[in-house]
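Notes follow once the structure below has been shown.
The values are calculated or read from the model by the stated rules, or taken from the named source; none is laboratory data. Here the structure is a predicted model, which means the values were calculated and not measured. Cβ: placed from backbone, ideal geometry, glycine included. Neighbour counts: every protein chain shown. The accessibility values were calculated without ligands, DNA or RNA, using every heavy atom of the protein model including side chains. Shrake-Rupley method; radii C 1.70, N 1.55, O 1.52, S 1.80 Å.
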Amino acid sequence: MDALSIKGLKKRFLKGRKGEVRALWGIGLRVAPGEIYGVLGPNGSGKSTLVRIVATLLLPDAGEVRVFGYDVVREARKVRELIHRVSTEAAFFKKLSPMENLLYGARLYGIPGRIAARRARELFSRLGLPPERVGKPMEQLSRGQQQKVAIARAFLHPPRLLLLDEPTTGLDPRSKREVQELILELREREGTTVFLTTHDMDEADRICDRVAILDEGRIVAQGTPAALKARVSRDGAEATMEEVFFAVTGKEWRDDESTEAV
Amino acid sequence: MRAPRPFRRELIATWGFVARNIHLTKRYWGWELVWFVYSLTSSLAVAYIGLGTERLSGPGVDGNYLTLYLLVGTLVWSYLSQIFYVISEMVAWERWEGTIEYTFMAPSSRLTHLVGTSLFAVVYGVARTLLILAAAALFFDLNLVGADLGAATLWLFVGSISFTGFGILAAVMPLLFPERGVQMTNVVAALLLLISGVYYPVEVLPGWLQFLARVSPATYVIRGMRGAILEGRGLGDAARPLVLLFLGGLAMIVFGTWAFSLAERYAKRTGRLKRSG
């Protein structure tokens, strides 16, 4: 059974009185259990919309999305038990400490506070979060530390499918590297399937088993990074993912983090 | 990790919402102090109108009665409005913090979310109102001899149920209107304050406002509380309106929860869950 299967997925948003934005238009993909699958695309290409639909936070207009066989619309509660999502924005109560935020999160998943606190301490230690930070408000932590707390929260109740929506956007190179190592380690240790969106070409190349390139709501190419690069290489020289993107979309890659994601 | 049984899981999640709000209250203690002082001084200022009226109008006015009349109104309103605001702003608060998608993605039921938030609202409202009452008692010679405190407690309990339903229904607005929803809930609260006889008998209002007063549960709670405290009316006199208020409150909770689930679906269809207002 696929960890994630998507068929004919469409989603549009109304903007203003008559305008509409086609965020996703006929998306289809399958992710195998234990795989790290990356969705690569510029801002506004529909990556976040795709993740939100899988996370049961948006309803699709058409098509079917299943997580380990469960339909995200009709069996949303079952799906929610199997997934967790970590997004670019730190979705925390800013005044609460990492421990207080994690206790809240754990209880939502039915984990009693005592067990959650013990597990949270183990995760903080494994992630290298300084002990003196555990009781401080989240707003006093760096972006990198906040993102580590977000990943720790996701693994309090280990998900079978981890949705990472641009988890390293805005991080400094060292924090970015640490988070990437963590994703690989957690996949190795827990066997978790990872569905990752990114606009970082190197990240996709480095940690994803397969990637899909999303442009204007459509998947324009998918395969392993090596296969995609081989498809566009010339004269035996290995192509870069930027060259792959150009070849399949006809557009220059613009890594503009300031644009609002769709 | 073994999954807990569904009922136990929902109980733990319910406590999760209560504990989260307790933590938030502690972390925002400075603001809590500000609002407490504001509520206390407002209550005192309103209650002093009773003594002031006696001074201005002469001995024909029973200043102590009027003071207690106003104090009951202001304290009950403080309690009920607190419940209303905590519940009705739960969506707006989480939008502002940026956690709304996280909470809505969790496998606990929406009913658990609403119950947990409502439970905290009631406990918080009781604690806050008792503190204001204790502080107000230092300023006035409150004579509660003859008051039926048992009936007063029951009125407050039943009033809590009604306002929980009202709060859940009002919480739909921030879900549907990210930019204007909170303003709308404030307008609803202001209207309830005007029509419910908090500081005066509803009979002094124009006819059309008196008609609206009949649909506000606060009208009955405040009238019942005054009857129990100022006139010592027991449960025998209050049984019928109490039962009606209770049933109305339950119906409002059921209707509010249903409306909330429809609004959640609409927000998920149109992408309004995430937008911050």
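Just checking, which of B:267, B:263, B:228, B:251 is farther than 18 Å from residue B:79 by Cα and away from every other protein chain (no Cβ under 14 Å)?
B:251
Can you tell which of B:233, B:265 is among the charged types (D, E, K, R) and assigned to a helix (DSSP H, G or I)?
Matching residue, one of B:233, B:265: B:265.
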Where residue B:262 falls short, out of the listed (1) within 23 Å of the chain's Cα centre (by Cα); (2) modelled with pLDDT of 95 or more: (1)
The lone exception for residue B:98 - which of (1) within 14 Å of chain A (Cβ to nearest Cβ); (2) at pLDDT below 95; (3) surrounded by 22 or more Cβ atoms within 10 Å (Cβ to Cβ) it fails: (3)
For residue A:66: the one exception among (1) within 12 Å of chain B (Cβ to nearest Cβ); (2) not in a helix (DSSP H, G or I): (1)
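Among the residues of the range B:203-221, write down those that are in a helix (DSSP H, G or I) and touching a Ser or Thr at 6+ places or on another chain (Cβ under 6 Å). If you could, list the steps in order and put the result at the bottom.
Taking the range B:203-221 first, the residues in a helix (DSSP H, G or I) are B:203-204, B:207-213, B:217-221.
Within the range B:203-221, B:213, B:217, B:218, B:219 meet the criteria.
This table checks each residue for (1) part of a helix (DSSP H, G or I); (2) in contact (Cβ under 8 Å) with a residue 24 or more places away in the chain; (3) in contact with a Cys (Cβ under 6 Å, 6 or more places away or on another chain).
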{"site": "A:102", "(1), (2), (3)": "yes, yes, no"}
{"site": "A:116", "(1), (2), (3)": "yes, yes, no"}
{"site": "A:122", "(1), (2), (3)": "yes, no, no"}
{"site": "A:132", "(1), (2), (3)": "yes, no, no"}
{"site": "A:147", "(1), (2), (3)": "yes, yes, no"}
{"site": "A:153", "(1), (2), (3)": "yes, yes, no"}
{"site": "A:169", "(1), (2), (3)": "no, yes, no"}
{"site": "A:183", "(1), (2), (3)": "yes, yes, no"}
Boolean, residue B:36 is more than 30 Å from residue A:48 (Cβ to Cβ) and in contact with a Phe, Trp or Tyr (Cβ under 6 Å, 6 or more places away or on another chain): no
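Considering only the range A:201-220, how many residues are open to solvent by 30 Å² or more (accessible area, probe 1.4 Å) and either closer than 13 Å to residue A:35 by Cα or outside any helix (DSSP H, G or I) (or both)? Reasoning before the result, please.
Taking the range A:201-220 as the starting set, the residues that turn out to be open to solvent by 30 Å² or more (accessible area, probe 1.4 Å) are A:202, A:205-206, A:209-210, A:216, A:218-220.
Now narrow it down to the ones that are either closer than 13 Å to residue A:35 by Cα or outside any helix (DSSP H, G or I) (or both): A:209-210, A:216, A:218-220.
Qualifying residue count for the region: 6.
Just one of B:80, B:71, B:111 is aliphatic (A, V, I, L, M), closer than 24 Å to residue B:185 by Cβ and either in contact with a Leu (Cβ under 7 Å, 6 or more places away or on another chain) or open to solvent by less than 10 Å² (accessible area, probe 1.4 Å) (or both); which is it? Please lay out each step first, then the result.
On the way: B:71 fails: closer than 24 Å to residue B:185 by Cβ; B:111 fails: either in contact with a Leu (Cβ under 7 Å, 6 or more places away or on another chain) or open to solvent by less than 10 Å² (accessible area, probe 1.4 Å) (or both).
Selected residue: B:80, the only one of B:80, B:71, B:111 that is aliphatic (A, V, I, L, M), closer than 24 Å to residue B:185 by Cβ and either in contact with a Leu (Cβ under 7 Å, 6 or more places away or on another chain) or open to solvent by less than 10 Å² (accessible area, probe 1.4 Å) (or both).
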Residues satisfying the stated conditions in the range B:120-165, i.e. charged (D, E, K, R) and without any contact (Cβ under 8 Å) to a residue 40 or more places away in the chain: none
The one condition in (1) open to solvent by 60 Å² or more (accessible area, probe 1.4 Å); (2) part of a helix (DSSP H, G or I); (3) more than 22 Å from residue B:267 (Cα to Cα) that residue B:162 fails to fulfil: (1)
Number of the condition not met by residue A:72 [criteria: (1) within 7 Å of another protein chain (Cβ to nearest Cβ); (2) free of Cβ contacts under 8 Å to residues at least 24 places away in the same chain]: (1)
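I'd like the full set of residues that are open to solvent by less than 50 Å² (accessible area, probe 1.4 Å), closer than 24 Å to residue A:173 by Cβ and either at pLDDT below 85 or of a type in the set (A, V, I, L, M, F, W, C) (or both), limited to the range A:229-250.
Within the range A:229-250, A:239, A:241, A:244, A:245 meet the criteria.
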Odd one out for residue B:9 among (1) surrounded by 18 or more Cβ atoms within 10 Å (Cβ to Cβ); (2) within 14 Å of another protein chain (Cβ to nearest Cβ); (3) under 24 Å from residue B:173 (Cα atoms): (3)
Qualifying residues in the range A:96-121 (those that are of a type in the set (Gly, Ala, Ser) and under 25 Å from the mean Cα position of the chain (by Cα)) - the one farthest from the other protein chains (Cβ to nearest Cβ): A:120
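Just give me the residues in the range A:86-95 being within 8 Å of chain B (Cβ to nearest Cβ) and open to solvent by less than 20 Å² (accessible area, probe 1.4 Å), in sequence order. Step through it out loud before you land on a result.
Just the residues of the range A:86-95 that are within 8 Å of chain B (Cβ to nearest Cβ), to begin with: A:87, A:89-95.
Within the range A:86-95, A:87, A:91, A:92, A:93 meet the criteria.
Sort through A:156, A:141 and tell me the only one that's open to solvent by less than 10 Å² (accessible area, probe 1.4 Å) and either modelled with pLDDT of 95 or more or of a type outside the set (S, T, N, Q) (or both). Steps first, please.
Working: A:141 fails: open to solvent by less than 10 Å² (accessible area, probe 1.4 Å).
Step by step, each of A:156, A:141 is checked, and only A:156 is open to solvent by less than 10 Å² (accessible area, probe 1.4 Å) and either modelled with pLDDT of 95 or more or of a type outside the set (S, T, N, Q) (or both).
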Whichever residue in the range A:14-63 is without any contact (Cβ under 8 Å) to a residue 60 or more places away in the chain and part of a strand (DSSP E or B) and, among such residues, is farthest from residue A:195 (Cα to Cα): A:19
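Given the criteria more than 13 Å from chain B (Cβ to nearest Cβ) and either open to solvent by less than 10 Å² (accessible area, probe 1.4 Å) or touching a helix residue (DSSP H, G or I) at 6+ places or on another chain (Cβ under 6 Å) (or both), does residue A:11 qualify?
Working: more than 13 Å from chain B (Cβ to nearest Cβ): no; either open to solvent by less than 10 Å² (accessible area, probe 1.4 Å) or touching a helix residue (DSSP H, G or I) at 6+ places or on another chain (Cβ under 6 Å) (or both): yes.
So residue A:11 fails the test.
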Residue list for the range B:50-66, restricted to those being assigned to a helix (DSSP H, G or I), without any contact (Cβ under 8 Å) to a residue 60 or more places away in the chain and under 21 Å from residue B:226 (Cα atoms): B:50, B:51, B:52, B:53, B:54, B:63, B:66
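Scanning for something assigned to a loop (DSSP other than H, G, I, E, B), in contact with a helix residue (DSSP H, G or I) (Cβ under 8 Å, 6 or more places away or on another chain) and either away from chain A (no Cβ under 14 Å) or not small (Gly, Ala, Ser) (or both), does the range B:109-132 turn up at least one residue? Show your work before the answer.
Pass one, the range B:109-132, residues assigned to a loop (DSSP other than H, G, I, E, B): B:109.
Filter again for in contact with a helix residue (DSSP H, G or I) (Cβ under 8 Å, 6 or more places away or on another chain), leaving B:109.
The next check asks that each one be either away from chain A (no Cβ under 14 Å) or not small (Gly, Ala, Ser) (or both); those that pass are none.
So far as the range B:109-132 goes, no, none of its residues is assigned to a loop (DSSP other than H, G, I, E, B), in contact with a helix residue (DSSP H, G or I) (Cβ under 8 Å, 6 or more places away or on another chain) and either away from chain A (no Cβ under 14 Å) or not small (Gly, Ala, Ser) (or both).
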Residues within the range A:122-144 that are charged (D, E, K, R) and more than 24 Å from the chain's Cα centre (by Cα), tallied: 3
